[in-house]
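Undergrad: Got a structure for you, questions after.
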Amino acid sequence: MADQNPAPKDDHETVKNTADLDQISLTQALLDVDVANARVIDLTKRLTTLTKELRRTTSELQQAKLRNRKLVAELDQIKGSRAFRSASTAQRVLGAARSRLGR
């Protein structure tokens with residue numbers, strides 16, 4: 001039977017094939033580095049965008065909390081005023097009078 005894997009004709013052909021394989025491996029490695037760099041750049045852009053959005057949202061939240069504290073203080077001041085207490089008392093008296101009259 002004949003050998004199915006013929007031996008290379010000379011050592012020079014083997015060296016050339018190895019050099020070709022090394023060149024292909026180097027080319028593939030450089031392509032892989034380019035892809036990895038593109039991914040890093042994309043992730044960095046996304047991280048930067050999300051960081052800016054987080055800072056903006058945090059600032060809006062702080063402003064909303066400050067506004068809420070001011071409104072709560074204003075409401076407490078209104079509820080503590082003599083006019084509010086008088087209006088509340090008048091409303092209770094009116095409600096009691098209506099219930100006695102059956103309305």
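The values are calculated or read from the model by the stated rules, or taken from the named source; none is laboratory data. If you're wondering where the values come from, they're calculated on a predicted model, not measured in any experiment. Glycine gets a Cβ as well: all are built from the backbone with ideal geometry, and neighbour counts include every protein chain shown.
Undergrad: Tell me, please, whether a residue that is at pLDDT below 95, surrounded by 10 or more Cβ atoms within 10 Å (Cβ to Cβ) and not in a helix (DSSP H, G or I) can be found in the range 1-10.
TA: yes
Undergrad: Could I ask something else about it? If we keep just the residues of the range 11-37 that are over 49 Å from the mean Cα position of the chain (by Cα) and charged (D, E, K, R), which is modelled with the lowest pLDDT?
TA: ASP11
Undergrad: I'd like to know if the range 38-46 contains one or more residues that are in a helix (DSSP H, G or I), of a type in the set (Gly, Ala, Ser), over 25 Å from the mean Cα position of the chain (by Cα) and surrounded by 10 or more Cβ atoms within 10 Å (Cβ to Cβ).
TA: no
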